[in-house]
Amino acid sequence: MGKLGTITRRTFLIGSAAIAGGVAFGYYQVTKELENPLKPGKGETTLNPYLLITKEGITIITPRAEMGQGVHTTLAALVAEELDVAWQDIKTMHGPASGTYYNEKVATLPYPEYKENSTKDKLENIMGAVGKIMGIQITGGSTSTRDAFEKMRLAGAAARYAMIEAAADKTGQKASTLKTKDGFVILPDGQKLSYLQLAPEAAKIPPPEAPKLKDPSEWRYLGKDMPRVDMVEKVTGTAEFGIDTKLEGMLFATIRMNPQLGAKMKSFDAKKAKEMPGVKKVVDLGDGIGVIANNTWQAFEAAKKITIEWEEAPYPPDTKAIFSQIEQAFNNEPNSTLRDDGDVNTALVPTKDIIKAQYAVPFLAHATMEPMNAVALLKDDKLTVWAGNQAPVLVRDHAAKVAGLNSEAVTVYTPYMGGGFGRRCEYDFSDLAVKMAMAMPGLPIKTTWSREEDMRHDFYRPGAIAHFEGRMGNDQPIALKADIASPSCFQQFSSRFMGMAPPGPDKILVEGSFDQPYAIEHYQVNGYISDIAVPLGPWRSVGNSYNGFFHECFLDELAASKNIDPVAMRLQLMKNEHEPSYKVLKAVAEMADWDKPLAKNKGRGVAFTYSFNTPVAQIIEISNSEDGLKVDKVWCALDVGTALDPRNIEAQMMSGIIYGLSAAIYGEITFENGQVVEGNFDSYDALRMATAPQIEVKTLQNKPHISGVGEPGTPPSMPALANAIFNLTGNRIRELPLKNAVEFA
Amino acid sequence: MGRSLNINGSDITIEADPQTPLLWVLRDELGLVGTKFGCGIAMCGACTVLVDGEPTRSCSLSVGDVEGKVTTIEGIGTPENMTIIQQVWVEHQVAQCGYCQSGQIMAATALLQENNQPTDEDIDDAMSGNLCRCGTYPRIRAAIHEAATRLQRS
Ligand code: FES
Ligand code: FES
């Protein structure tokens with residue numbers, strides 16, 4: 001990157017620095033036309049970066065990672081709606097890695113998102129411009145739909161306009177007399193011209209300045225339950241995941257990296273491994289080894305047989321030492337105070353009715369169902385990478401760096417992902433695959449990690465500790481102070497993604513605590529950064545995944561201290577602060593018959609989190625059985641502004657809840673001798689068919705802006721369950737996972 | 001020396017070391033990649049295939065120990081010709097990332113072959129070895145009940 005690159009890198013900050021950056025970009029950079037990265041072959045036409053048309057059909061480019069959240073379907077529906085094509089006639093494709101597909105919504109600001117204000121809007125536009133200039137093509141932050149909602153509909157509408165103009169030119173008819181239907185332009189006499197035929201001419205028509213979008217009342221795909229474009233492949237075993245890539249002459253590899261994360265390797269002895277059948281090569285990776293063999297199993301077996309001496313971990317050796325270091329962060333100056341309403345210090349002078357509580361959550365692994373893997377082929381100074389990933393431009397640029405090539409010499413294919421949850425925002429799996437391919441140029445090498453390697457070399461959700469203090473008035477809290485300490489996931493991933501960790505407040509460390517739509521008179525949230533070198537990364541809902549637990553358990557404690565209904569108390573705090581949130585909580589209480597008493601062996605808990613612009617409230621009902629506690633039922637209400645695909649939103653809520661409850665009950669990554677202990681699903685279990693609750697979801701549309709659903713279902717699930725356990729047993733559990741404190745069936 | 005296996009109705013000669021788990025023979029040697037690798041220790045069910053109709057974790061069965069006919073996801077239905085269970089899976093929009101779904105469908109196929117009126121408890125017992133990190137369990141359960149109703153009719 002040139003000079004502009006350096007400026008933007010340094011100024012990709014939050015708050016005032018971003019404004020400085022905004023000036024630096026200049027008008028041109030922000031408004032210039034984006035290049036169309038699609039390079040149509042013979043007989044193919046592209047009208048814009050989202051459309052590829054051949055004689056056989058129309059392919060919509062859906063440039064976000066499909067990792068289960070249904071994004072290819074919803075993004076395709078945005079284009080298909082405006083283009084006016086029949087759903088069964090379209091195909092979708094992830095498309096190339098390109099800055100054109102930048103995500104303008106991924107950067108977030110240190111403001112509570114529920115508060116509408118013009119400074120925030122302006123800053124958001126600037127952040128969007130940063131995304132454009134830096135070409136950040138990333139799937140994360142539950143932003144795909146929000147980011148695409150306008151631009152992909154506009155792409156469809158512009159293409160439809162061009163089809164009509166092309167038909168008008170061809171037939172001499174007036175454009176205003178032409179209509180479209182299901183991939184055809186219809187002439188006044190009923191004659192039909194297919195988009196496929198018109199495409200080459202339409203591609204020459206300059207796109208309109210501002211194509212007119214349909215009124216939502218005219219939508220036929222958006223707002224409806226759409227059949228997912230990937231469903232048939234996924235139930236017939238024909239969907240291709242990264243791990244399924246098949247290439248002529250391909251060899252199979254695995255890696256074994258230093259389990260003391262971030263440390264190097266002193267030496268290794270691979271004599272035995274090299275003699276094993278099928279083994280082609282052992283590769284020195286500096287901080288680990290790789291084995292290339294005739295099949296994956298041979299590579300796994302050989303990797304185990306190598307004796308390795310490792311360097312020591314750059315962080316405290318065990319869980320206890322790590323957490324006492326996190327605790328020490330409270331002695332430092334806070335890194336942030338992003339909420340400071342009223343005057344907590346005066347409101348919380350030590351009197352005897354102050355309520356205090358301390359919470360802690362463990363490190364967590366992503367444990368995607370498909371272990372990390374990638375295929376790479378280095379041939380004639382060209383590198384091709386096949387990798388399920390959430391950030392293809394990063395994968396491309398880092399792969400280029402590893403191989404000593406220009407980015408232009410690298411092609412990245414992004415197949416389906418067997419889960420992402422934030423893990424596939426990284427590029428370690430592709431870098432390692434490239435290193436393996438460099439050891440045997442000319443041959444495609446598929447590098448698959450064992451489950452143990454995957455779980456023990458993650459970028460973990462950080463452990464965190466919180467100290468809460470509060471004081472109750474008659475029926476609601478009048479003061480709440482939260483101090484939250486954790487190593488900074490944000491600083492770590494910023495360094496990896498942008499080459500630097502921006503100074504200033506780390507919003508992510510406190511998101512879910514500082515930005516909740518509650519009006520509490522004296523309300524302060526402080527974040528403390530603990531410097532610990534365990535690798536950290538975004539884990540489904542990121543900071544909200546632990547702040548939701550802290551904050552909502554504490555509100556429950558406050559309500560219980562006065563014997564107040566926790567739903568009624570929250571409603572009162574929200575009423576004048578954020579109406580859509582109020583309605584969400586009210587809706588879930590109605591769904592769950594909250595006002596009716598429960599049977600004796602049952603308990604229930606409530607929680608609410610506003611995250612990624614989506615307020616979500618959940619009520620969980622549990623019961624006691626002979627074998628232990630059972631999570632019976634979850635009711636969930638949310639507001640996404642505009643619900644594009646209700647059935648998929650329901651699926652995402654179910655998924656987020658089950659992911660969250662799995663973590664709440666079982667999830668825990670611990671350390672011994674600098675190494676992660678848990679290695680597989682026997683020690684890192686999750687909900688299964690017999691333990692998964694029934695789930696009922698209701699989606700509201702009262703919010704003015706559209707928002708995403710991939711992550712917001714996760715945060716409230718964990719506190720709702722802990723609160724339900726208190727309700728049933730009187731046992732207030734302040735540390736996760738819950739299995740360490742109670743027996744589950 | 002080769003060894004003969006019957007996979008999806010065809011007799012195939014396998015050259016691999018008899019200790020090789022069936023999973024890796026299917027995926028890496030035969031290119032039948034519909035069967036997935038998830039854990040390698042029989043804890044997740046992603047690699048489930050049928051051996052003489054019995055749901056079996058192919059990651060933990062050496063190819064030398066296979067006794068019986070092997071059926072993989074590729075052997076039960078195709079996109080053009082799906083089984084009733086697969087059709088119901090599509091109607092209920094069960095899959096999310098889809099990675100566990102071959103295993104889920106194989107396990108459900110075995111369950112419904114043995115018991116065409118499974119209770120919730122039967123479903124719990126038959127399906128709890130199959131992990132789904134995307135949490136598709138509620139829809140899997142609904143789909144199995146629906147498929148059972150349809151199979152009884154047909
Ligand atoms: S891969 Fe065989 S059970 Fe997990
Ligand atoms: S659908 Fe993703 S793991 Fe089951």
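The values are calculated or read from the model by the stated rules, or taken from the named source; none is laboratory data. Not measured: the values here are computed from a predicted model. Cβ sites come from the backbone with ideal geometry, for glycine too, and all protein chains shown count toward neighbours. Ligands, DNA and RNA are excluded from the accessible area calculation, which covers all protein heavy atoms including side chains. Shrake-Rupley method; radii C 1.70, N 1.55, O 1.52, S 1.80 Å.
Quick notes on this structure:
- Computed from backbone phi, the HN-Hα couplings of region A:470-481 come to x, 9, 9, x, 5, 10, 7, x, 9, 8, 8, 10 Hz, rounded to whole numbers (Karplus: 6.51 cos²θ - 1.76 cosθ + 1.60, θ = phi - 60°; Gly and Pro given as x).
- Local electrostatic count, A:Lys274, Cβ distance below 11 Å [Lys/Arg +1, Asp/Glu -1]: +3
- Largest first, the three principal axis extents of the alpha carbons in the protein assembly as shown are 79, 74, 66 Å in whole numbers.
- Each residue was assigned an accessible area with a 1.4 Å probe, and for A:Ser142 the value is about 20 Å².
- Chains B and A, summed buried accessible surface - 1.4 Å probe, Å², nearest 100: 4600 Å²
- Karplus-derived HN-Hα couplings along region A:99-106 (A = 6.51, B = -1.76, C = 1.60, θ = phi - 60°), whole Hz, x at Gly and Pro: x, 4, 8, 4, 9, 7, 10, 6
- Charge tally for B:Pro55 (other residues, Cβ to Cβ under 12 Å; Lys, Arg +1; Asp, Glu -1): -3.
- Scanning residues 5 or more positions from A:Gly183 or on other chains, those with amide H under 5 Å from its amide H are A:Val85, A:Ala86, with H placed 1.01 Å from N in the peptide plane.
- Accessible area (Å², per residue) of chain A, counting only protein heavy atoms and a probe of 1.4 Å: 37 Å²
- Candidates per GluC sites (Glu not before Pro) in region A:543-645, loop by DSSP, up to 10 other Cβ within 10 Å: A:Glu626
- Remark on region B:36-72: accessible area falls by at least 20 square angstrom from chain-alone to full-complex state for B:Lys36, B:Phe37, B:Gly38, B:Cys39, B:Ile41, B:Met43, probe 1.4 angstrom.
- Summed residue charge, Cβ within 15 Å of A:Lys234's Cβ, Lys/Arg positive, Asp/Glu negative: -4
- 11 Å reach of a label modelled at A:Glu309, 7 Å along Cα-to-Cβ, counting backbone N of region A:250-267: A:266-267
- Pairs with C-alpha atoms separated by more than 20 Å, drawn from the list A:Lys562/A:Lys600; A:Lys274/A:Lys305; A:Lys55/A:Lys91; A:Lys234/B:Lys36, are A:Lys562/A:Lys600.
- Proximity of backbone amide H atoms, modeled 1.01 Å from N, is registered between A:Leu629 and A:Glu743, A:Phe744, A:Ala745 at under 5 Å, excluding neighbours fewer than 5 places apart on the same chain.
- Whole-percent carbon and sulfur share, accessible surface of region B:84-153, 1.4 Å: 42 percent
- The dipole here belongs to chain A: it is taken about the Cα centre, uses +1 on the Cβ of Lys and Arg and -1 on the Cβ of Asp and Glu, and is about 1220 debye.
- Value of [θ]222 nm, deg cm²/dmol, for the protein assembly as shown, DSSP H segments ≥ 4, -39500 (n - 2.57) each, nearest 500: -10000 deg cm²/dmol
- Taken over region B:3-75, the convex hull of the Cα atoms encloses 74 Å³ per residue.
- Counting DSSP beta bridges with both ends in region B:3-75, the antiparallel % (nearest 5): 90 percent
- Chain A: antiparallel DSSP beta bridges as a percent of all, rounded to 5: 75 percent
- Mean projected area in nm² (Cα convex hull; one quarter of hull surface) for region A:182-235: 6.6 nm²
- Phi angles across region A:238-246 convert, under the Karplus curve 6.51 cos²θ - 1.76 cosθ + 1.60 with θ = phi - 60°, into 3J(HN,Hα) values of 9, 5, 9, 8, x, 5, 9, 3, 10 Hz, Gly and Pro given as x.
- Residues of region A:687-729 that lose at least 40 Å² of accessible area (1.4 Å probe, protein heavy atoms only) when the other protein chains are present, relative to their chain alone, are A:Arg688, A:Met689, A:Ala690.
- Sequence-distant residues sharing a close amide H with A:Thr45 (under 5 Å, placed H): A:Ile53, A:Thr54
- Neighbour-limited loop hits for GluC sites (Glu not before Pro), region B:1-77 (at most 12 other Cβ within 10 Å; DSSP other than H, G, I, E, B): B:Glu15, B:Glu67
- Qualifying trypsin sites (Lys or Arg not before Pro) in region A:340-389, DSSP loop, other Cβ atoms within 10 Å at most 11: A:Lys352
- Carbon/sulfur fraction of accessible area - region A:557-648, other protein chains in place, 1.4 Å, %: 44 percent
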